[in-house]
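The values are calculated or read from the model by the stated rules, or taken from the named source; none is laboratory data. Since this is a predicted model, take the numbers as computed values, not measurements. Because the Cβ atoms are built from the backbone with ideal geometry, glycine has one as well, and the counts that use them run over all protein chains shown. SASA here: full protein model, heavy atoms, side chains in, ligands and nucleic acids out. Shrake-Rupley method; radii C 1.70, N 1.55, O 1.52, S 1.80 Å.
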Amino acid sequence: MSQLTFNKISRHQDILAMLKQLDVQLGLIGYTEHGVRHAKWVGRTSQKLLKSLGKDGREAELAGIAGFMHDIGNLVNREDHAQAGALLAHELLKELEMPLPEIMQVMSAIGNHHEEHADPATNVSAALILADKADVHKSRVRNPSTITFDIHDRVNYAVQKSVLEVLPEQNIIRLNLTVNTKISQVMEYFEIFLSRMVVSRRAADFLGSHYELTVNGTQLM
């Protein structure tokens, strides 16, 4: 059997069905979008990040696979979804005959992607953390009417553009955000996402890079 790739995994009907269902469930309990769009964005961004840093091509492919599958544990429960997702990924990838060493890399990345328990210990894991935490954007808000009372929706809705930039010659990984400060002040971003920024910095450190955050052209980290 040929090697599994991000492109193959992103078309897998069972995984797509899981992503669609978990997104419905999270929507019903008030969470932002976590479906197929988010999965593809994180997968592509994880893969591109490692390629831009000149890392091993197969590692970049595994980062793409882990990125696409990272939220499937939400199908079980939002609580500890990273760990549940790692176990689900093991079963799915074993069925698809992925070699065990590669399965373990994907499991480790998925199991460590959530900021509450994240410990980047591989390039794949670090890339997934950075990509996942960079997907902040107004398109993830399901109902704009919630922004008046829900700070998470308000902050996401205020972000007009989010770009994760890799500058290998300067050893910099930079998250560039364009924020409508009439909707949400920058301080609110730090109020709810500080832990995400901390783990992103640790992930960049693991990859031998410095993490920077730029909002509306001003460097804040």
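Things to note:
- Straight-line cross-link partners of Lys8 among the lysines, defined as a Cα under 17 Å from its Cα and at least 8 positions apart when in the same chain: Lys40, Lys48, Lys94.
- Rounded to two decimals, the Cα radius of gyration of region 68-221 over 2.2 N^0.38 Å is 1.11.
- For region 109-158, the calculated P(r), taken from all Cα-Cα distances in 5 Å bins from zero up to the bin holding the longest distance, is 5, 22, 22, 12, 15, 15, 8, 2, 0 percent.
- Cα convex hull of region 52-131, projected area averaged across orientations, nm²: 4.9 nm²
- Quarter of Cα convex hull surface for region 172-221, i.e. mean projection, nm²: 3.2 nm²
- Springs between Cα atoms under 10 Å define the GNM used for the chain, and in it the highest mean-square fluctuation of Phe68, Phe206, Phe190 occurs at Phe190.
- Relative contact order (%) - region 1-76, alpha-carbon pairs under 8 angstrom, separation at least six: 39 percent
- Per residue, the convex hull spanned by the alpha carbons of region 1-99 comes to 95 Å³.
- What a 1.4 Å probe finds exposed on region 1-85 is 50% carbon and sulfur by accessible area, rounded to a whole percent.
- Accessible surface, region 12-115, averaged per residue in Å² (probe 1.4 Å): 43 Å²
- Calculated [222 nm] ellipticity per residue, helices only, for the chain: -17000 deg cm²/dmol; basis is -39500 (n - 2.57) per DSSP H run with n ≥ 4, divided by all residues, nearest 500.
- Axial C-alpha extent at least 15 Å, average Kyte-Doolittle at least 0.0 - helices from the chain (DSSP): 13-28, 57-69, 81-95, 100-111, 123-134, 186-206
- As a length-normalised measure over Cα pairs under 8 Å and 6 or more apart, the relative contact order of the chain settles at 16 percent.
- Region 118-135 and region 190-215 have their alpha-carbon centroids 10 Å apart.
- Antiparallel bridges, percent of DSSP beta bridges restricted to the chain (to nearest 5): 60 percent
- Taking the Cα centre of the chain as origin and assigning +1 to Lys and Arg Cβ atoms and -1 to Asp and Glu Cβ atoms, the resulting dipole is close to 720 debye.
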